[in-house]
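This report refers to the structure that appears directly beneath it.
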Amino acid sequence: MNTNDLFADRYSCRKFADTPLEASIIEELLQAARSAPSACNAQPYFFYVLGPEAMNKVESLRSWYQAPVVILGCLDTENYGWQRASDGALFSSFDLGLAMSQLVLKATEFNLGSCYIASFDPDELSKVLDLPEKHVPYIAVALGHASMGPSDNHYLRQSPDKLFKILP
């Protein structure tokens with residue numbers, strides 16, 4: 001599958017089949033995230049793979065769309081990553097986004113569905129999963145075999161003039 005096909009085929013899946021994911025596939029997804037670029041190669045994040053037992057613990061917090069696996073991306077407060085000197089901007093969340101993006105594109109290559117999830121309470125999620133204080137939940141990705149296709153609005157995109165401008 002070429003990259004343009006990956007970009008076009010990836011969508012937010014909101015209903016997953018009740019089929020477990022193989023450990024070898026999960027390992028490849030994590031490797032894709034691990035190989036992502038990060039500012040100064042700091043890799044200021046940590047991932048938790050939520051299997052069936054962990055999913056039972058967090059099920060009451062929000063809908064995870066019946067995903068058999070959720071990968072939780074956390075910011076590592078002991079490794080803030082690179083900070084821009086001119087304005088102090090931290091790039092850790094950007095770096096985590098790059099890693100999760102590579103993970104999701106790899107999932108698409110395996111014909112898996114995925115959905116980014118950020119609508120959760122990080123403190124509550126940390127407490128329920130008993131995460132170390134240094135790992136702050138930031139973004140999750142629900143993963144599995146899709147049991148439905150993309151919604152109609154998946155294919156809607158802003159016109160190019162609303163999204164970018166080429167400066168001479």
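The values are calculated or read from the model by the stated rules, or taken from the named source; none is laboratory data. Remember, it's a predicted structure, so these values are computed and weren't measured experimentally. Methodologically, a virtual Cβ is constructed for each residue, glycine included, from the backbone with ideal geometry; neighbour enumeration extends over all protein chains shown.
Taking the numbered list (1) touching a Phe, Trp or Tyr at 6+ places or on another chain (Cβ under 9 Å); (2) part of a loop (DSSP other than H, G, I, E, B); (3) among the aliphatic types (A, V, I, L, M) in turn, A85 passes all entries but (1). Looking at D76, D5, D18, just one residue is charged (D, E, K, R) and buried (at least 18 other Cβ atoms within 10 Å of the Cβ), and that residue is D76. Screening S119 on (1) closer than 16 Å to G51 by Cα; (2) not in a helix (DSSP H, G or I) shows it passes everything except condition (1). If you check Q83, Q31, Q66 for being more than 17 Å from S114 (Cα to Cα) and either under 18 Å from the mean Cα position of the chain (by Cα) or free of Cβ contacts under 8 Å to residues at least 60 places away in the same chain (or both), only one passes: Q83.
Residue-wise test of (1) in contact with a Pro (Cβ under 6 Å, 6 or more places away or on another chain); (2) modelled with pLDDT under 95; (3) of a type outside the set (S, T, Y).
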{"position": "I117", "(1), (2), (3)": "no, no, yes"}
{"position": "P122", "(1), (2), (3)": "yes, no, yes"}
{"position": "L125", "(1), (2), (3)": "yes, no, yes"}
{"position": "L131", "(1), (2), (3)": "no, no, yes"}
{"position": "K134", "(1), (2), (3)": "no, no, yes"}
{"position": "P137", "(1), (2), (3)": "yes, no, yes"}
{"position": "A142", "(1), (2), (3)": "no, no, yes"}
{"position": "S147", "(1), (2), (3)": "no, yes, no"}
{"position": "P150", "(1), (2), (3)": "no, yes, yes"}
